[in-house]
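Everything on this sheet refers to the single structure shown next.
Coordinate-derived values only; no laboratory data. Note that this is a predicted model, so its numbers are computed, not measured. So basically every Cβ, Gly included, is an ideal-geometry build from the backbone, and we count neighbours across all protein chains shown.
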Amino acid sequence: MSGKVINLRQFRKQAARDEKRAKANANAASHGRTKGERDLQDARDAKAEKHLDQHRLDRDEE
């Protein structure tokens with residue numbers, strides 16, 4: 001009988017990591033956007049707000 005020696009503790013830990021990663025990927029796909037998408041939208045929002053502020057008219061109320 002010749003086979004590969006496996007450390008069961010390491011095998012269990014790796015299996016648990018793989019399961020967590022799969023669950024996280026499924027949640028990310030179904031619930032949210034990637035960090036890059038969120039950052040891009042935040043940058044676009046900030047640019048639009050800055051653009052509007054630059055074109056604001058200040059009127060004196062008299």
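If one computes P(r) from the Cα atoms of the chain, what percent of pairs lie at distances over 13 Å?
So the portion of pairs separated by more than 13 Å is 78 percent.
Counting only residues at least eight positions apart within a chain, or on another chain, the lysines with an alpha carbon under 19 Å from that of Lys13 are Lys4, Lys23.
Projected label points at Lys23 and Arg44, each 7 Å from Cα along the beta carbon direction, are separated by 3.3 nanometres.
Partner lysines whose Cα lies under 27 Å from the Cα of Lys50, excluding those fewer than 8 positions away in the same chain, are identified as Lys35.
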